[in-house]
Every structure is written in C-alpha cells, then in structure tokens.
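The structure under discussion appears below in the form of structure tokens.
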Amino acid sequence: MTSRAVLCGCGAMAKGWLRALQSASDLGREVEIVGLVDIDPATAKALAAEFALEGVIIGTDLASVIEATRATMVFDVVVPSARFNVVSTALNLGCHVLSEKPLATSMDEAKALLALATEIGRVHAVVQNRRFISGVRRLRRAVEDGLIGELSGIHCDFFLGPHFGGFREEMDNVLLLDMAIHTFDAARFVSGKQPLSVYCVESNPSGSWYAHGASANAIFKLSGDAVFTYRGSWCAEGRRTSWESAWRLVGSKGMITWDGEETFEAAVAGNEPGLLRGQQVLPVPLAPNEDETHGHRSVLAEFIDAVKSGRKPETASDDNINSLSMVLGAIESARTGLPVSISVEGY
C-alpha cells in the first residue's frame with residue numbers, strides 16, 4: 001500500500017527531498033505526496049508546480065492538511081525553531097515523521113518528542129543524509145574490519161564559505177546547530193563509540209556574514225578512551241574542504257585519511273629500521289551495500305521501509321538524540337568556557 005505523505009516546509013530544502021523521491025521509481029510507488037504546508041501558500045504552490053504535484057492539498061495549517069488528506073506520514077522540512085510544534089502535531093494525529101536535523105533545539109523538547117513517538121507508537125527519525133554516502137560507509141566498514149586496529153582518534157576539518165542568505169545567516173550557533181551535527185553524527189557512526197564530554201570554543205570571525213557562531217573548535221572524549229576533534233568555519237573563503245569534512249582516523253596499527261570526496265589513503269606501520277618504521281599501504285574496503293550510499297534517497301528509502309516493516313530506522317530519534325547531545329554540549333561549553341559532560345540521561 002502506498003503511504004500518503006504531507007510535506008511541511010516548502011523552501012529550498014524541500015526540493016532536495018522531492019528530487020530524491022522522484023529520482024527513484026520504487027520510492028514513487030511507496031509514497032505519494034498528497035499535501036504541502038507552508039506559512040506562505042505561494043511558496044507551496046510554486047513547489048507543487050515545479051515538481052508537477054497535481055491534486056495536492058495546499059494549506060498553512062498542518063493539522064488541517066493531515067486531516068483533509070488522510071495522510072499517514074509527514075516529512076518535516078521546517079526551520080529548527082518550528083520543529084517541536086510540527087512534529088508533535090503530526091505524531092498526535094497518528095503520522096510517522098521524518099524530520100530535517102536537528103531533532104530539536106533543546107534536550108527537553110527532544111525527550112518530549114521521543115516520549116510522544118513511543119506513546120503514539122509511530123516511527124520518528126531524522127534525516128542524517130550524510131551518513132548515507134559511500135565515504136562514510138567505507139570508513140565505518142574499515143573500522144569494523146579492524147583495518148587500522150583499535151580506533152583512538154577521529155579528526156575532522158571543515159572550512160567553507162557559503163553565502164546562503166535566509167534563516168541561516170540569522171541563527172545563533174549556526175555552524176554547530178545547522179552543519180556540524182552532520183560531522184558529529186558521522187563520527188559517532190563511523191567510530192561506533194558514544195560521546196562522554198566536550199570542550200568547545202566558538203566564535204564569529206572578522207568578516208563573517210552570519211549573525212553568530214560561524215566558527216567552532218571542539219574536542220570530544222569518546223567511550224573506549226578515544227578522542228574526536230572538530231575544527232570548522234562557515235565563513236572561510238579560499239581553498240575549501242569538502243562539505244563532508246576532511247578526515248583522519250588514527251588507530252593502534254595505522255591511519256586512514258579521506259578528503260571527503262574521492263580520495264582515501266590507508267597505511268599501517270612498515271618494516272623499515274630506525275626512528276620511523278615507514279608504511280605499508282592498504283586498500284580501503286568498499287561500502288558493504290551500494291543501496292545505502294545515495295544520501296537523501298537512501299535515508300528516505302530506509303525510513304519508508306522501517307514504517308512498512310515495523311523495525312526501527314537507523315536514524316531513529318532515540319539514537320539521534322546522542323548526536324544532538326554532542327551539539328548542545330558543544331554549545332554549552334562554548335557559552336560557559338568549561339568542559340561539559342555529555343549524557344542524554346543527565347539532561
């Protein structure tokens with residue numbers, strides 16, 4: 001049976017969702033967009049026209065559109081400040097929900113949404129689309145296979161200068177809350193470890209076109225005595241890194257580097273005598289499942305399959321709250337100038 005879905009939030013981000021849905025015939029058979037919701041009806045109408053969504057019901061009130069369309073699924077693509085109201089409304093009306101990140105803007109709101117999803121018995125997940133790319137999946141497999149031994153360090157650099165305009169340039173903590181969560185979530189996924197504490201320095205560098213927090217440097221302690229470091233800026237003009245960050249994994253036997261695009265290098269110690277042992281180059285294994293490497297398309301397919309099968313999706317909210325805790329912990333550390341313990345239970 002085809003699921004009936006309402007898409008809430010019809011701005012630029014929604015186009016990526018719709019392209020993903022329309023790019024795969026199997027997804028088109030599994031879900032039908034029957035409603036569009038936006039505070040500006042003209043924006044919703046323009047989106048419907050651009051993607052040839054004929055017969056969709058358009059409105060400004062999510063509850064009314066859900067009831068009019070008899071939808072069973074909501075795709076939440078609203079700005080973070082509106083997320084709690086949108087998701088709670090959808091869950092209370094019996095819909096499964098897939099949200100843009102972040103899961104919520106506070107741990108209290110996140111926990112409330114998790115509790116509501118459990119109470120209602122609906123699937124609630126977050127679009128962490130960047131863990132559904134080949135590079136991240138390959139790093140995860142290399143770690144699981146023990147290619148470089150026991151993982152002790154993950155180090156990521158993110159330096160770009162995008163001029164978005166719109167809500168991002170008005171946000172507080174823009175890098176940490178809107179972008180760094182992708183790398184934080186991917187680091188947690190690749191390592192298989194849990195965050196324990198964080199120390200973070202956040203700034204808005206000279207020349208920044210953002211209102212607040214365009215740069216951040218964070219050090220996380222992870223379970224298993226591992227460390228994750230993040231250095232990032234969203235107002236760094238010039239030679240950029242990948243949108244996926246530039247990665248270095250350090251293990252007990254060797255290291256893996258990934259430029260966030262196509263280039264991987266892995267090596268363990270060689271057999272040269274003297275101070276430095278040299279290196280033995282190793283191949284980095286391919287992603288175990290090619291179907292899981294198509295970003296938005298893969299995360300949407302995974303969510304839709306979870307709804308059909310009744311299983312928990314990979315990016316279910318009760319797992320994703322751990323990535324949110326990294327972001328909110330970093331923001332709190334930056335605010336206080338002190339290290340912050342990260343514990344979902346402790347918030």
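Sequence gap at least 6, Cα distance under 8 Å: using those rules, report the relative contact order of the chain to the nearest whole percent. Intermediate values should be presented prior to the final figure.
Numbers: 733 pairs, mean separation 65.9, N = 347.
Once divided by the residue count of the chain, the mean separation gives 19 percent.
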Given the Cα-Cα distance of Ala52 and Ser203 and 0.36 nm per residue of separation, how much length would full extension add, in nm?
50.0 nm
Quick numbers on the chain, Rg and Dmax over C-alpha atoms in Å, give 20.9, 75
To test your reading of the geometry: what angle, between 0 and 90 degrees and rounded to tens, separates the Cα axis of helix 296-309 from the longest principal axis of the chain?
70 degrees
Loop trypsin sites (Lys or Arg not before Pro), segment 301-347 (other Cβ atoms within 10 Å of the site Cβ: 13 or fewer; DSSP):
Arg311
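In the neighborhood of Asn217, defined by Cβ-to-Cβ distances under 9 Å, what is the net charge if each Lys or Arg adds +1 and each Asp or Glu adds -1?
Values: positive: Arg231; negative: Glu202.
Residues near Asn217 contribute 0 overall.
Run lengths n ≥ 4 of DSSP H only: what is the helix-derived mean residue ellipticity at 222 nm for the chain, with -39500 (n - 2.57) per run over all residues, to the nearest 500? Walk me through the intermediate numbers first.
Working: 10 runs with 116 residues, N = 347.
Helices in the chain give a 222 nm mean residue ellipticity of -10500 deg cm²/dmol.
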Using DSSP, restrict attention to beta bridges with both residues in the chain and report what percent are antiparallel, rounded to the nearest 5.
60 percent
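Using a 10 Å cut-off on Cβ atoms, rank the peptides 152-161, 50-59 from the highest mean neighbour count down. Intermediate values should be presented prior to the final figure.
Working: 152-161: 19.2, 50-59: 14.8.
Result, highest mean Cβ count within 10 Å first: 152-161, 50-59.
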Compute the long axis of helix 12-23 from its Cα atoms, compare it with the longest principal axis of the Cα atoms of the chain, and write down the angle in degrees, 0 to 90, nearest 10.
90 degrees
Cut-off 14 Å between beta-carbons: net charge of the residues surrounding Ser64, Lys and Arg +1, Asp and Glu -1
-2
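Tally Lys/Arg at +1 and Asp/Glu at -1 over every other residue whose Cβ is under 9 Å from the Cβ of Pro80; what's the total?
Working: positive: Arg83, Lys101; negative: Glu100, Asp178.
Taking every Cβ under 9 Å from that of Pro80, the sum is 0.
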The simple spin-label model distance between Asp108 and Asn289, using points 7 Å out along Cα→Cβ, in nm, is 3.8 nm
When you count, for each residue, the other Cβ atoms within 10 Å and take the mean per peptide, how do 318-327, 79-88 rank with the highest first?
318-327, 79-88
Provide Rg and Dmax in Å for segment 3-122, with only Cα atoms included in the calculation.
13.6, 39
Counting only residues 5 or more places away or on other chains, whose amide H sits under 5 Å from the amide H of Val74 once H atoms are built in the peptide plane?
Val6, His96, Val97, Leu98
In whole angstrom, the spacing between the Cα centers of segment 15-39 and segment 151-170 equals 27 Å
Cα centroid separation, segment 62-106 to segment 264-315 (Å)
31 Å
Sort 234-247, 292-305 by the packing proxy (mean of other Cβ within 10 Å over each peptide's residues), most packed first.
292-305, 234-247
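None of the figures in this text is laboratory data; all of them are computed from the coordinates on show. Keep in mind it's a predicted model, so treat the numbers as computed, not measured. A quick note on method: Cβ atoms are made from the backbone with ideal geometry, for glycine too, and the neighbour counts reach across all protein chains shown.
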